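Down below is the structure, laid out as structure tokens.
FYI, it's all coordinate maths here, none of it is from the lab. Quick caveat, the model's predicted, so the values are computed rather than measured. Using ideal geometry, Cβ is built from the backbone for each residue, glycine included, and neighbour counts are taken over all protein chains shown.
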Amino acid sequence: MITRFLIILVVLFLTACQDHENRVYVHWGEAGENVVERLSENGIDYKLKNGEVYIPRDQLKKATYCCT
């Protein structure tokens with residue numbers, strides 16, 4: 001029982017420590033105050049590049065719900 005608990009604890013710890021540097025970012029749209037503000041308010045990571053907004057593929061559904 002204790003062994004299972006320790007294994008689960010280690011797995012959760014390692015999952016929480018993952019860095020998100022290797023995320024795949026997809027094009028979301030043009031950068032505008034409203035878009036960036038909504039993404040920030042909803043805790044969605046984004047990158048701005050050449051006036052365009054890119055968001056992580058794993059947060060695409062969340063961004064769609066908050067910004068459409």
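State, as an integer percentage, the relative contact order of the chain based on alpha-carbon contacts under 8 Å between residues 6 or more apart. Averaging sequence separation for qualifying contacts and normalising by length gives 32 percent for the chain. How much FRET efficiency would the formula 1/(1 + (r/R0)^6) give for ARG57 and PHE13, where r is the Cβ-Cβ distance and R0 is 22 Å, rounded to 0.05? That gives a FRET efficiency of 0.30. Summing +1 for each Lys or Arg and -1 for each Asp or Glu, what net charge is found among the other residues whose Cβ lies under 14 Å from the Cβ of GLN59? Around GLN59, the charge tally is +3.
Net charge in the neighbourhood of GLU37 (other residues with Cβ under 15 Å of its Cβ; Lys, Arg +1, Asp, Glu -1) is -3. Segment GLU37..TYR65, full-extension length gain: 8.6 nm, with 0.36 nm per residue of separation and the alpha-carbon distance subtracted.
Distance between the 7 Å Cα→Cβ label points at VAL24 and ASN50: 2.0 nm.
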